[in-house]
Amino acid sequence: MRRDPFAMLPFAGYHMADYFNHWLSFGRNIANPPRIFGVNWFRTDDDGKFVWPGFGENMRVLELIVERSRGRAYALESPIGWMPRFSDLDLSGLDDFSEDDFLQAMSLDRDDWDKEILAHDELFIRLYDRLPKELLAIRDLTLSALWRSPEHWEMVPDPT
């Protein structure tokens, strides 16, 4: 599998690094740039089943993103950024998604992230002559945070 942001490489009418720079330029030129959130809807468990319950439930995460952007939702720091607690998501009516399922979805395996970073590097090498340096800095910060963390990082359950 190749790294292809937004599955656009075959269709981009110009250099992909210029595309990244275009969007990052907004953050460079405004006082309060928008936040960037990462979501992996396609993460699977050991049985190959999706960890998140499905596309119909994505609005729950998008609602949390809006609340975080407005400063009205909490998050815990992880090696790859800030993550919600189980209690931060509105999971009402979602009986098949337990706190244990959530904690599994939020756990991090350093070996998996090593592979992810290597996949990024393959793309970065192809785009290096015009690659926004912010992407390299974030990659380095993520790698550093992962190496300072346990090999398998797990979020703690919400206190009861």
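A short reminder: the numbers here are calculations on the coordinates, not readings from a lab. Predicted model only: the values in this text are computed from it and were never measured. As a convention, Cβ positions derive from the backbone with ideal geometry for all residues, glycine included, and neighbour counts pool all protein chains shown.
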### Message
Starting from 0.36 nm per residue, how many nanometres of slack lie between GLU154 and PHE11 once their C-alpha separation is accounted for?
### Response
47.7 nm
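For the chain, with only Lys/Arg (+1) and Asp/Glu (-1) charged at the beta-carbon, what is the dipole magnitude about the Cα centre, in debye rounded to 20? Before the final figure, lay out each step's value.
Values: 18 positive and 29 negative charges, 220 e Å.
Result for the chain is approximately 1060 debye, rounded to the nearest 20.
Apply the a/c threshold of 1.5 to the C-alpha gyration tensor of segment 1-124 and tell me whether it is rounded, prolate or oblate.
Working: a/c = 1.94, a/b = 1.32, b/c = 1.47.
Oblate.
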### Query
For the chain, what is the calculated [θ] at 222 nm in deg cm²/dmol (nearest 500), taking -39500 (n - 2.57) for each run of four or more DSSP H residues and dividing by its residue count?
-13500 deg cm²/dmol
### Task
Considering the options LEU131, LEU108, TYR74, tell which one lies farthest towards the positive end of the dipole of segment 41-153, charges being +1 on Lys and Arg and -1 on Asp and Glu at the Cβ, about the Cα centre.
LEU131
## Note on the structure
Label model pair ARG110, ARG70: point-to-point distance (7 angstrom along the Cα→beta-carbon line) in nm is 4.0
### Summary
When THR142, THR44 are ranked with the fewest other C-beta atoms within 10 Å first, the list becomes THR44, THR142
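Multiply the residue gap between ASP121 and ASP95 by 0.36 nm, knock off their C-alpha separation, and tell me the result in nm, one decimal place. Don't skip to the end; give the middle numbers.
Numbers: separation 26, 0.36 × 26 = 9.36 nm, distance 3.95 nm.
Full extension from ASP121 to ASP95 adds 5.4 nm.
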